[in-house]
Amino acid sequence: MRAISGLWRWRHNPLRRATDLAEAWVALAALLLILAVAPLAGSLIGGLAQDTLQESVREQRTSRHLVTATVVRKVEGSRLDVDPEASTGRDMRTRVVADWTGPDGSAHRAAVMAGMDTPQPGDRFTIWTDRQGRTVARPLDTATAATHAVLAGFGAALLTAGLVEGGRRLIVWRMVRRRYARWDQAWDKAGPDWGRTGTGC
């Protein structure tokens, strides 16, 4: 809006300089670019991120398997930790040594995180593994992938708007520098004759 009001203000103003009008046009062009290009960039980046992340969700769903593990013993010195992958951030987990059978039939024993407050030998719980039975993080869910895609699109739109605004500021800065340089040249020409009688000053 400042760009439009700036153009209107300088439209018939007798004090208007060419640079004033140019600055207003640059501001209007930057505003129109932000309104047109930033949403487009956000939409494109968000769409690409959505496609990539949803493909990753599909791959993880086919390559990661939920298997049942059995507690052998609690790891000495282990304490309750918040599960970083939990949606609520309140799920507590304890490190235990457990046995499980992988999807390929291989037997495994290792220290893993169990979603229990007080695990006892023989307790059963589920863990995510790959096809060979190695523990992996839980697969990305569709809603989380969509949220990340929206954030990526929003970030791209903000970055685009920032780049356009940065470009506008750089152009205006160069115009102001050029204006000051012209003023300095004009003062240098007028300086030797300033205040002399008969010089027309």
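A few notes on this one:
- Pairwise centroid distance, computed over Cα atoms, of segment 29-76 with segment 114-188, Å: 12 Å
- Counted residue by residue at 0.36 nm each, then reduced by the alpha carbon distance between them, the extension gain from Ser63 to Leu40 reaches 4.8 nm.
- Proximal charge balance of Leu33 [Cβ under 11 Å; K/R count +1, D/E count -1]: 0
- The 1.4 Å probe gives accessible areas that order Ile127, Ile34, largest first, as Ile34, Ile127.
- Per-residue extension of 0.36 nm, minus the Cα-Cα distance of Arg179 and Glu165, leaves a gain of 3.0 nm for this segment.
The values are calculated or read from the model by the stated rules, or taken from the named source; none is laboratory data. All values derive from a computational prediction rather than experimental measurement. Cβ sites come from the backbone with ideal geometry, for glycine too, and all protein chains shown count toward neighbours. These area figures cover heavy atoms from the full protein model, side chains too; ligands, DNA and RNA do not enter into them. Shrake-Rupley method; radii C 1.70, N 1.55, O 1.52, S 1.80 Å.
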